[in-house]
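Here, each number is a calculation from the coordinates, and none is a lab measurement. All values derive from a computational prediction rather than experimental measurement. Note: ideal-geometry Cβ built from the backbone for every residue, glycine included; neighbour counts use all protein chains shown.
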Amino acid sequence: MDMHQNFVESSGPQSRLYVFNQIFEAERNVNFGRYLELFQKIYEASQQNSFLEFWTTNGDSIVSEEYWREHEGGQKSVDSSETDPIICENSEKADYNSAENNLLWQQYYEKIYVEQYQVFAIIFYEYYKHLHKSLEAKDIESSKCTVNDQNQLINESIVDEFQQLQLLGLPTSFGKNQRNNKTNTKRETKQHNICSGFFSDEEDYSGIMDTIDNPELQVNNQKDLNDIEDAEDKTSIYAIKKKTIEKKKKNRKLRNVPEFLLENKGMLKYWRKRFSLFSRYDDGIRLDCESWFSVTPEKIAIHMADRLACDLIIDAFCGCGGNAIQFARTCKRVVAIDIDPIKISMAKHNATIYGVADKIDFIVGDFLQIGQHGQFQSDVIFLSPPWGGPKYKRKTDYDIENYLQPAGATKLMEIAKTFSDNVVLYLPRNAHIKQVVKLAGEGNRCEVEHNYLDSRLVAITAIYGENILKSKDL
Ligand code: MGP
Ligand code: SAH
């Protein structure tokens, strides 16, 4: 729940990436409290080290970026082939060779350094709070988790939300309270629009669609039935909003928005950050509904690709290519798999825009099936499976054994290991950390990376396999 999060800045393509990592050992009974105690003891040192690492990679580009913004009004663009933003041709560098200019530059550099350290400290504190909360979370008995347990988990997160609203003195319910089973109406809606059901106003209803398709869940999952009702409560408001959006179409800002995004207001936020998803979006990037909310933002994909550079990498759930395209920059060869042929064709197209299509072998296939056959070995395998739609964030602790698709984390790991010992899993920010650590297997280590864009925690990346772990320990 991000209700109390303070956002420092969030600014499209120029948002900054902050990565914090922590190595855990999957002992028989991991004492997570020990990690917290240790973290508290060395909080400041850890913050300083992390900043140093951040500054070593990004310092120079941040200083020039800030300089051009303040002094030259220079236009900056992000070249996807570079980690750092580059300066456009109209922004020629000043002469810093003279002693006077050198001193000015040094002073300026220090000023930016201090400013950035202050921002970094706030984000690091957010990270600490998040880690603290995750490590204190109750264990989830995954193997025994039934539909009813899932409901309980979902309800817990609702109680959480409800209490927070009460504490803030905000309204705790909206619309009428009747709860009828209107699943048929919803099914029709699904047929009309591939994205509707995922979103309505600020909310999304992706899980509801799953419920409708699964008769067992239709009967048991009262929470989802309530959601369906809520979704329908909003239909009339939704219709008015839709009109407003259509009017806004004339607005310059909303030009060239794909039609299906306009029809689902919840999708517009993804369109607004299109350049942070693909810096070359305007060159003709193609995305379908699921990919809009699933694609890895480019800066995170670039970072992962730099981190996992190797000869052969498998992107087992490649979608429209957010990760695969960046892997192709740093790895000799990429095998990109997706079950959906439309996504594979979009991924190919997008890779062509980035000039890397010839380095990727695209395969339409089911990862669960492909894993059954004796196959080739890769250096690294990267998994970014579906999380169950944007609704994933409603859960306080996301159960990676029960909510990931098309199978639980243990099953996915088992299959991934047949390809490589080095497995990387892109997971929701609310993933249950204890499960993530346990997945390493007793006696092994794993690294948990928290990926922030500005002060927004976007996702966590779990890294397994001694060869790719950072040597750094807490
Ligand atoms: P988000 O939480 O839907 O966006 O997804 P945001 O803006 O953080 O939401 P807000 O409500 O907090 O403002 C954040 C990121 O998670 C996306 O950019 C994707 O990279 C990733 N992501 C989200 N989903 C639902 C999936 C998914 O199903 N699979 C994968 N692999 N990644 C996802
Ligand atoms: N990392 C990608 C987004 C992945 S979204 C990016 O940055 O662009 C998850 C993808 O998993 C979806 O495209 C979905 O079609 C695919 N998928 C779902 N089940 C699958 C399966 N059984 N085998 C392979 N791919 C699957």
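Backbone geometry of segment 365-372 corresponds, through the Karplus equation with coefficients 6.51, -1.76 and 1.60 at θ = phi - 60°, to 3J(HN,Hα) couplings of x, 8, 4, 5, 6, 4, x, 6 Hz, x marking Gly and Pro.
Taking other C-beta atoms within 10 angstrom as a stand-in for reagent exposure, LEU103, LEU36 fall in the order LEU103, LEU36, fewest first. If the chain linking ASP282 and SER345 were pulled fully straight, counting 0.36 nm for each residue of separation and taking away their Cα-Cα distance, it would gain 20.9 nm.
Residue pairs exceeding 27 angstrom between C-alpha atoms, taken from LYS393/LYS434; LYS299/LYS391; LYS269/LYS299; LYS343/LYS393; LYS269/LYS395; LYS269/LYS332: LYS269/LYS332. Across segment 36-49, coupling constants 3J(HN,Hα) worked out from phi with the 6.51/-1.76/1.60 Karplus curve, θ = phi - 60°, read 5, 4, 4, 4, 4, 4, 10, 3, 5, 4, 5, 4, 5, 4 Hz, and Gly and Pro carry x. A DSSP coil position with no more than 15 other Cβ atoms inside 10 Å describes the following chymotrypsin sites (Phe, Trp or Tyr not before Pro) in segment 333-383: PHE376.
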